[in-house]
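Nothing in this text is a laboratory measurement; each read-out follows from the coordinates by a stated rule. From a predicted model like this one, the values you see are computed outputs, not experimental measurements. Note that each Cβ is placed from the backbone with ideal geometry, even for glycine, and that neighbours are counted across all protein chains shown.
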Amino acid sequence: MYETTKKEREEIIKRHACSNSEITELDMLSDNVRKGIPIGLSEAIAVIAYQEELKEIRKANKKWWQLWK
């Protein structure tokens, strides 16, 4: 996945009451995972949950996806 957009950040902040700096950190950790740079177990779990949340948000925002359900 790629970094969050402004709209996605706002959605995540509303859902989980986290800050912009936390989202930026999760974006950086996600980038490290893509590059193959090792991260800790707790960080990896947080990245997985974050990426799953982003996947749901992005899927919900794409109207064409609704046609294939």
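Brief remarks follow.
- Taking 20 Å as the limit for the C-alpha separation, the pairs LYS7/LYS62; LYS6/LYS35; LYS7/LYS59; LYS35/LYS59 exceed it in the case of LYS6/LYS35; LYS35/LYS59.
- With at most 15 neighbouring Cβ atoms within 10 Å, loop chymotrypsin sites (Phe, Trp or Tyr not before Pro) (DSSP) excluded, longest segment of the chain: 3-67
- The chain, relative contact order [Cα under 8 Å, separation at least 6], %: 33 percent
- Among the listed values [x] 3, 18, 26, 22, 19, 9, 2, 0; [y] 3, 19, 34, 28, 13, 3, 0; [z] 3, 16, 27, 23, 15, 9, 5, 1, the one computed from these coordinates for P(r) over Cα pairs in 5 Å bins from 0, in percent is [z].
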